[in-house]
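Beneath this line is the structure, given in structure tokens, with notes to follow.
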């Protein structure tokens with residue numbers, strides 16, 4: 001995401017923030033967020049809010065502590081005022097709304113990170129955005145490899161054959177380095193997948209090659225370990241060539257932080273956010 005866009009969105013979300021009197025608890029009004037998050041219709045935005053409430057309830061968290069119905073007076077003429085429905089949202093409520101929104105919208109993608117963190121420091125937000133990109137890339141690779149496993153099982157290849165196919169694909173992508181060579185080089189702990197320690201660009205490269213293999217296996221009705229192996233090797237070699245054209249050699253990139261540890265940290269931060277952002281039960285209105 002462009003740094004200028006990050007700066008602009010951060011400023012907007014900061015400006016819309018309110019702080020509970022005699023407290024450090026922040027909250028936002030739903031109708032304010034609706035526009036910034038790219039929803040023109042209040043009804044459509046309410047659908048996203050409803051999904052967020054369900055997520056909140058499913059997590060065992062009291063919905064009323066984070067979503068508070070209120071009335072707001074708005075000016076409809078030169079002097080006339082009318083009360084409209086609004087919802088006060090805690091940081092956690094905003095986070096859930098972003099998680100249930102359309103992540104293709106850049107404001108939604110940014111909001112997922114902005115509301116996940118208590119800090120307003122841009123460099124930390126940028127770091128978290130990079131982490132989210134890596135987590136999403138890893139999830140996509142996991143899905144494409146699962147699909148490949150199912151595809152080739154239907155075409156006469158067992159689990160061991162799948163392992164061999166994936167390993168030979170790695171050797172092609174990493175310029176002759178086997179999966180184990182790369183694990184040793186990046187000091188990956190025993191029993192852990194290599195992809196959990198790869199940078200985003202390499203994870204995305206592995207996923208692209210696997211997606212192409214999935215497509216061609218079905219499109220060309222490939223059968224048997226040898227034909228599928230050759231297909232996967234070719235696709236990884238092509239992706240490697242694409243990287244090389246941009247001066248990237250995947251086997252020379254430094255290791256990334258352990259994704260499992262980062263995921264645990266994210267979940268720990270989310271628990272803290274839930275505890276620290278809840279609205280007092282005796283506060284029915286705020287200004």
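The values are calculated or read from the model by the stated rules, or taken from the named source; none is laboratory data. These figures come from a predicted structure and were not determined experimentally. Using ideal geometry, Cβ is built from the backbone for each residue, glycine included, and neighbour counts are taken over all protein chains shown.
A compact table of results
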| read-out | value |
| --- | --- |
| Per-region count, region 175-202, residues part of a helix (DSSP H, G or I), closer than 26 Å to residue 224 by Cα and over 25 Å from the mean Cα position of the chain (by Cα) | 2 |
| Unique match (being without any contact (Cβ under 8 Å) to a residue 12 or more places away in the chain and in a helix (DSSP H, G or I)) among 172, 139, 98, 111 | 139 |
| First in region 211-222 and outside the structural domain of residue 142 (by TED's automatic domain parsing), second anywhere and at pLDDT below 95 and crowded, with 20+ Cβ neighbours inside 10 Å, Cβ under 9 Å, 6 or more apart | none |
| Residue in region 8-30 that is nearest to residue 275 (Cα to Cα), counting only those that are in contact with a helix residue (DSSP H, G or I) (Cβ under 7 Å, 6 or more places away or on another chain) and touching a residue at least 24 places away in the same chain (Cβ under 8 Å) | 25 |
| Looking only at region 213-236, and only at residues there that are surrounded by fewer than 16 Cβ atoms within 10 Å (Cβ to Cβ) and within 29 Å of the chain's Cα centre (by Cα), the one that is farthest from residue 202 (Cα to Cα) | 218 |
| Residues of region 9-34 satisfying the condition of being under 22 Å from the mean Cα position of the chain (by Cα) and either surrounded by 13 or more Cβ atoms within 10 Å (Cβ to Cβ) or at pLDDT 95 or above (or both) | 9, 10, 12, 13, 33, 34 |
| Meets criteria (more than 22 Å from the chain's Cα centre (by Cα), more than 24 Å from residue 24 (Cα to Cα) and assigned to a strand (DSSP E or B)) for residue 88 | no |
